[in-house]
Every structure is written in C-alpha cells, then in structure tokens.
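S.K.: Next up is a structure, given as structure tokens.
The values are calculated or read from the model by the stated rules, or taken from the named source; none is laboratory data. All of these numbers come straight from a predicted model, not from anything done at the bench. Quick reminder, even Gly has a Cβ in these numbers, built from the backbone with ideal geometry, and neighbours come from all protein chains shown.
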Amino acid sequence: MLKVGLTGGIAVGKSVVGEMFVALGAHLVQADRIAHSLMQPGQPVYNEVVRHFGREILNPDGSVNRNKLAELAFGPPTPNQRSPRITDLNRIVHPAVIRSQEEWMDAISLQDPDGVAMVEAALLIEAGAAERFDRLIVVTCDMEQRVQRFTKRQKVDVEIARADVARRMAAQLPDEEKIKAADYVIDNSRSLEHTREQVQRIWEKMRATL
C-alpha cells in the first residue's frame with residue numbers, strides 16, 4: 001500500500017483535489033475531520049483545548065465554536081506571549097490526529113494492500129508528519145484565488161477574508177518551502193479540468209510504483 005500525504009496552504013482547494021483522487025480509486029481521510037471528532041465533548045483533546053483556551057470558545061451546548069477558537073489561535077500574541085496561540089493548539093491536537101491517521105492507514109492496509117491511502121492535512125509538514133508518507137503532494141494557487149475561495153466558504157466580506165487568509169498563512173510554511181518537500185505539485189490556479197489532468201498524471205505515476 002502507498003501512503004500519500006496531500007497538503008497545501010489555506011483555501012488552495014485541497015479537498016477538491018482529494019475528491020478527484022478518490023474518484024480514481026484512492027482512500028482518503030481528512031485531518032480536519034479527525035480533529036473535529038477529537039474535539040467533541042468528553043474527548044481528552046476537547047478537555048485540554050477548553051482548559052487551555054477557556055470556556056469562551058464553547059457554544060451553549062458545550063461544543064467547540066471553531067470560529068471563536070480560530071480567532072484566539074490565529075490572533076496576534078498577547079503581551080505575555082511570544083507567538084500566536086496556534087502553536088499551543090497544534091501542540092494539543094496534532095499528536096492525537098497523527099495517531100488516528102496512523103490507525104486509519106493501518107486499517108486500509110489490511111483492507112486494500114495494493115491501494116493508495118491518502119491523508120489530506122493543511123499542516124502535514126508543519127506537524128512533522130511528512131516522513132510518515134511514501135509520497136507527498138502539495139497543492140498551490142495564487143493569493144487572490146485563496147481569498148475568493150475563503151470568502152465564498154466562510155460567507156464573509158472580501159477584505160475580512162483577505163486579512164484572515166493572510167493571518168492563517170503566517171502560521172503555515174510558505175508554499176516555496178512546501179514545494180521543496182513535495183514529490184508532486186498540483187497547480188490549482190486554472191480550470192478544474194487542468195487540475196484533473198494533473199491529478200490523473202500523478203495517479204498513474206503512483207500506481208506504477210505499486
């Protein structure tokens with residue numbers, strides 16, 4: 001089985017690319033969904049996140065309000081902090097997410113020994129998980145497209161989206177650094193068909209190694 005990491009910065013279209021690989025036969029799990037499940041009430045990660053960030057991040061039903069958590073995590077450091085609190089959030093969440101990814105890939109290996117198990121994760125390299133994969137795919141696109149996609153996804157004003165995208169990008173490795181670590185790069189700046197053609201070529205290359 002081939003273990004593949006799929007990564008890229010905020011709003012580059014990783015999920016769209018992941019869906020294209022699934023259509024070709026890949027097994028896919030999203031780190032963001034794993035993190036979401038780990039932050040359900042009663043989970044150890046949930047308890048630690050609430051302890052660290054405070055109950056103001058919670059909805060009335062006790063669930064985590066992810067927008068409020070993001071505001072705290074990606075916001076500027078306070079006078080007593082040297083770095084944004086995203087570092088603290090990642091320290092709490094990443095180890096548990098990586099364990100879950102490993103368990104999922106082990107299960108896929110038993111289910112489909114000749115298959116491709118793909119993990120989609122925005123901070124895959126930053127979390128120190130890149131070496132756990134046989135191949136690494138980085139998705140890129142230009143800044144303006146990220147802003148437009150983020151605006152549509154979050155249903156916010158363009159200037160608010162631009163500031164939020166810039167803030168989140170500051171907490172991630174630059175595209176140039178991600179590309180250096182990549183086995184394959186997908187430019188998602190043009191049409192979906194252009195992206196699909198790149199996905200098809202990469203899929204054929206990866207399948208040829210199995």
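S.K.: Which of (1) exposed (fewer than 15 other Cβ atoms within 10 Å of the Cβ); (2) touching a residue at least 60 places away in the same chain (Cβ under 8 Å); (3) part of a helix (DSSP H, G or I); (4) not basic (Lys, Arg) does PRO113 not meet, given it meets every other one?
M.R.: (3)
S.K.: If the Cβ limit is 6 Å and pairs must be 6+ apart or interchain, which residue in region 87-103 that is over 14 Å from LEU124 (Cα atoms) pairs with which residue that is at pLDDT 95 or above?
M.R.: ILE92/GLU48; ILE92/VAL49
S.K.: Restricting to region 6-60, and then to whatever is under 12 Å from the mean Cα position of the chain (by Cα) and β-branched (Val, Ile, Thr), can you tell me which residue is nearest to ARG167 (Cα to Cα)?
M.R.: ILE10
S.K.: Taking region 48-71 on its own, how many of its residues are surrounded by fewer than 13 Cβ atoms within 10 Å (Cβ to Cβ) and either aliphatic (A, V, I, L, M) or under 19 Å from ILE86 (Cα atoms) (or both)? Give the derivation first.
M.R.: Quick first cut of region 48-71, residues surrounded by fewer than 13 Cβ atoms within 10 Å (Cβ to Cβ) only: 51, 54-56, 59-62, 67.
Filter once more, keeping what is either aliphatic (A, V, I, L, M) or under 19 Å from ILE86 (Cα atoms) (or both): 51, 54-56, 67.
So the count comes out to 5.
S.K.: So, one more: Let me spell it out: the conditions are (1) part of a loop (DSSP other than H, G, I, E, B); (2) exposed (fewer than 14 other Cβ atoms within 10 Å of the Cβ), and LEU123 meets all of them except one. Which number is the exception?
M.R.: Evaluating LEU123 over (1) part of a loop (DSSP other than H, G, I, E, B); (2) exposed (fewer than 14 other Cβ atoms within 10 Å of the Cβ) leaves (2) as the failure.
S.K.: Which of the following residues is crowded, with 22+ Cβ neighbours inside 10 Å and touching a residue at least 40 places away in the same chain (Cβ under 8 Å): GLY25, GLY9?
M.R.: On the way: GLY25 fails: crowded, with 22+ Cβ neighbours inside 10 Å.
From the options GLY25, GLY9, the qualifying one is GLY9.
S.K.: Checking the condition part of a helix (DSSP H, G or I) and touching a helix residue (DSSP H, G or I) at 6+ places or on another chain (Cβ under 8 Å), which residue from ILE92, ILE108 passes? Steps first, answer last, please.
M.R.: Working: ILE108 fails: touching a helix residue (DSSP H, G or I) at 6+ places or on another chain (Cβ under 8 Å).
Answer to the selection: ILE92.
S.K.: Only one of these is aliphatic (A, V, I, L, M), under 25 Å from HIS27 (Cα atoms) and in contact (Cβ under 8 Å) with a residue 60 or more places away in the chain: ILE108, ILE179. Name it. Let's see the steps before the verdict.
M.R.: Details: ILE179 fails: in contact (Cβ under 8 Å) with a residue 60 or more places away in the chain.
So the residue among ILE108, ILE179 that is aliphatic (A, V, I, L, M), under 25 Å from HIS27 (Cα atoms) and in contact (Cβ under 8 Å) with a residue 60 or more places away in the chain is ILE108.
S.K.: For region 93-126, give me the residue count where each residue is under 24 Å from ALA11 (Cα atoms), at pLDDT 95 or above and among the charged types (D, E, K, R).
M.R.: 1
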